[in-house]
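J.: Quick one: the structure is below, and I'll ask about it shortly.
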Amino acid sequence: MSIIAAGTTTTTALSSTGNTDGTLQFQVNGTTPSVTLNTLGAIGVGSTPGYGTSGQVLTSGGSTVAPTWTTPTVYASTGTANTWTATQTFNGTSSTFASVLLNAAETLNYGAASAPAASQPIYVNSGSVVYFGGNATTSWTINFAFSGGTSMNTALAVNQTVTIAILVTQGSGGASYYNTSVQVDGTTSGVTTKWQGGTAPTSGNASAIDVYTYTIIKTASATYTVLASQTKFA
């Protein structure tokens, strides 16, 4: 290893030694290794040279300690398509919006031949717009959960809300079929449902699409106010 050393006296202010192994080391205080270059040009730092791993960057520790190799935080590029599988939080400020969208699309959860079952689970992680394309054949209890393995109580924090629209296709006998009960996580306990106009539906609408909209507001642990409506489209 060839060495270039900065000493602390006039006689050792700068010294060098050399050999033929092709590496180069810079030392401070006369003998303390600071930076080492190996034969491939890789940079090692510290008294026991550390070369880091692929993708790491040198991070300064200030003027009192040697820099270290660290793994940088990777941020999404705004110029390319990105997919997030974790929650992203945008808070904004007291004077600015957290986000502004010029155009956005929402994924529809559509079943061309499906109809609500008598006890119908709705998983909000599968989409907040659910379209049953087959004619309803029975009235139904709706049961909201976050997913098949995660409860709404786990996923939704207190003072958070989620809105779901459910589109139900009705045939000629559709007046007999409608949503009779609203559950969250398999129970009506802790769930207060308030229907638009003050009255829950007692029928569906024949030869139409009935659109049910539910705004689920979590007010405490396992406690919800659900604002619900039924609208006929024909």
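Bear in mind these aren't lab numbers, they're just calculated from the coordinates by the rules spelled out. Keep in mind that this is a model prediction, so the values were computed, not measured. So basically every Cβ, Gly included, is an ideal-geometry build from the backbone, and we count neighbours across all protein chains shown.
J.: Starting from the Cα-Cα distance between Thr32 and Ala98, subtract it from 0.36 nm times their residue separation and give me the gain in nm to one decimal.
T.: Values: separation 66, 0.36 × 66 = 23.76 nm, distance 5.05 nm.
Fully extending the segment from Thr32 to Ala98 adds 18.7 nm.
J.: Shifting gears a bit: Ignoring everything except DSSP H segments at least 4 long, calculate the 222 nm mean residue ellipticity for the chain; use -39,500 (n - 2.57) per segment, divide by total residues, nearest 500. Write out the running numbers ahead of the final one.
T.: On the way: 1 runs with 4 residues, N = 234.
Value at 222 nm, helices only, nearest 500: 0 deg cm²/dmol.
J.: Further question: Kindly put Trp84, Trp69 in sequence by how many other C-beta atoms sit within 10 Å of each C-beta, fewest to most.
T.: Ascending Cβ contact count within 10 Å gives the list Trp84, Trp69.
J.: Search the structure for amide H atoms under 5 Å from the amide H of Gly186, placed 1.01 Å from N in the peptide plane, and list their residues when 5 or more places away or on another chain.
T.: Phe144
J.: Can I ask one more? Among Val182, Val57, Val100, which one moves the most in a GNM of the chain with springs linking Cα atoms closer than 10 Å?
T.: Among Val182, Val57, Val100, the largest GNM mean-square fluctuation belongs to Val57.
J.: Could you grab the Rg to Rh ratio for region 109-233? Cα atoms only, Kirkwood for Rh. Could you put the intermediate results ahead of the total?
T.: Working: Rg = 13.8 Å, Rh = 14.5 Å.
Checking Rg against Rh, the ratio lands at 0.96.
J.: Considering the chain as a Gaussian network with a 10 Å cut-off on Cα pairs, which listed residue, Phe146, Phe90, Phe132, attains the greatest mean-square fluctuation?
T.: Maximum fluctuation in the GNM of the chain, among the listed residues, is at Phe90.
J.: Could you tell me the distance between the Cα centroids of region 1-55 and region 110-171, to the nearest Å?
T.: 66 Å
J.: While we're looking at this one, here's another question. At 0.36 nm per residue, and after removing the present C-alpha to C-alpha distance, how many nm does the segment from Thr8 to Asn159 gain when stretched out fully?
T.: On the way: separation 151, 0.36 × 151 = 54.36 nm, distance 6.42 nm.
So the chain would gain 47.9 nm between Thr8 and Asn159.
J.: Would you mind checking which residues have amide H under 5 Å from Ser34's amide H? H placed 1.01 Å from N; only 5 or more apart, or other chain.
T.: Long-range HN contacts for Ser34: Phe26, Gln27, Val28.
J.: Provide the per-residue ³J(HN,Hα) series for region 141-154, in order, calculated from phi with Karplus coefficients 6.51, -1.76, 1.60 and θ = phi - 60°, each as a whole number of Hz, with x at glycine and proline positions.
T.: 8, 9, 10, 8, 9, 6, 7, x, x, 10, 6, 5, 4, 6
J.: Calculate the spin-label point distance for Val74 paired with Ala112, positioning each point 7 Å from the Cα along the beta-carbon direction, and give it in nanometres.
T.: Distance between label points: 3.8 nm.
J.: Provide the net charge surrounding Ile216, with neighbours chosen by a C-beta distance below 15 Å and charges set as Lys +1, Arg +1, Asp -1, Glu -1. Walk me through the numbers before you get to the answer.
T.: Values: positive: Lys194, Lys218; negative: Asp185.
Summing Lys/Arg as +1 and Asp/Glu as -1 gives +1.
J.: Moving to a separate point now. Modelling each spin label as a point 7 Å along the Cα-to-Cβ direction, I'd like the Thr187/Val57 distance in nm, to one decimal.
T.: Once both label points are built, they end up 5.0 nm from each other.
J.: Which three lengths, in whole Å and largest first, does the chain cover when its Cα atoms are put on their principal axes?
T.: 102, 35, 34
J.: Let me ask you something else. What FRET efficiency would be calculated for the residue pair Gln196, Asn91, taking the C-beta separation as r and a Förster radius of 30 Å, to the nearest 0.05? All intermediate terms of the calculation are to be shown ahead of the outcome.
T.: Values: r = 31 Å, r/R0 = 1.04.
So the FRET efficiency works out to roughly 0.45.
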